[in-house]
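I have placed the structure first, in the form of structure tokens, so that the comments after it can refer back to it.
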Amino acid sequence: VVSRHSHKQFERTYEIPNESWLIFRGKVKVILYDINDELIDELTLSNGDLAVFYNGGHSLEVVEDNTIFLEHKSGPYFGVENDKRNF
């Protein structure tokens, strides 16, 4: 489970890191939030699906055993305490 969160602003060449998830196998539930932490939508991703996040919040929950996915986030990465704002 990736808890709902958005990313903190700090000085870098961009203000908010972009994040993407590519689902290789299985299923994940994605919940999307706007920039005010209000629910936008819930959807299920499966084999071959790609989600790209530019702003707002999101969460991910694996809903099928043996699920494999890749998370990509623009760096640099300075640790969870400097990166995520849980809500």
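Each row is one residue, and each column tells you yes or no for (1) in contact with a Gly (Cβ under 8 Å, 6 or more places away or on another chain); (2) surrounded by 11 or more Cβ atoms within 10 Å (Cβ to Cβ).
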{"site": "K29", "(1), (2)": "no, yes"}
{"site": "N36", "(1), (2)": "no, no"}
{"site": "V62", "(1), (2)": "yes, yes"}
{"site": "Y77", "(1), (2)": "no, no"}
{"site": "K84", "(1), (2)": "no, yes"}
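State yes or no: is N47 polar (S, T, N, Q), out of contact with any Pro (no Cβ under 7 Å at 6 or more places or on another chain) and closer than 14 Å to F87 by Cβ?
Answer is no for this residue.
Which of the residues belonging to region 14-54 are hydroxyl-bearing (S, T, Y), in a strand (DSSP E or B) and over 14 Å from L70 (Cβ atoms)?
Once the filter is applied, which keeps residues that are hydroxyl-bearing (S, T, Y), in a strand (DSSP E or B) and over 14 Å from L70 (Cβ atoms), region 14-54 yields Y33, T44, S46.
What is the number of the single condition among (1) assigned to a strand (DSSP E or B); (2) at pLDDT 95 or above that N66 does not meet?
All conditions pass for N66, except number (1).
Could you pull out the residue among G79, G26, G48 that is at pLDDT below 85 and either acidic (D, E) or more than 13 Å from the chain's Cα centre (by Cα) (or both)?
The match here is G79.
The values are calculated or read from the model by the stated rules, or taken from the named source; none is laboratory data. A quick note: this is a predicted structure, and the numbers were derived from the prediction, not measured. All Cβ positions, even for glycine, are placed from backbone atoms using ideal geometry, and neighbour counts span all protein chains on display.
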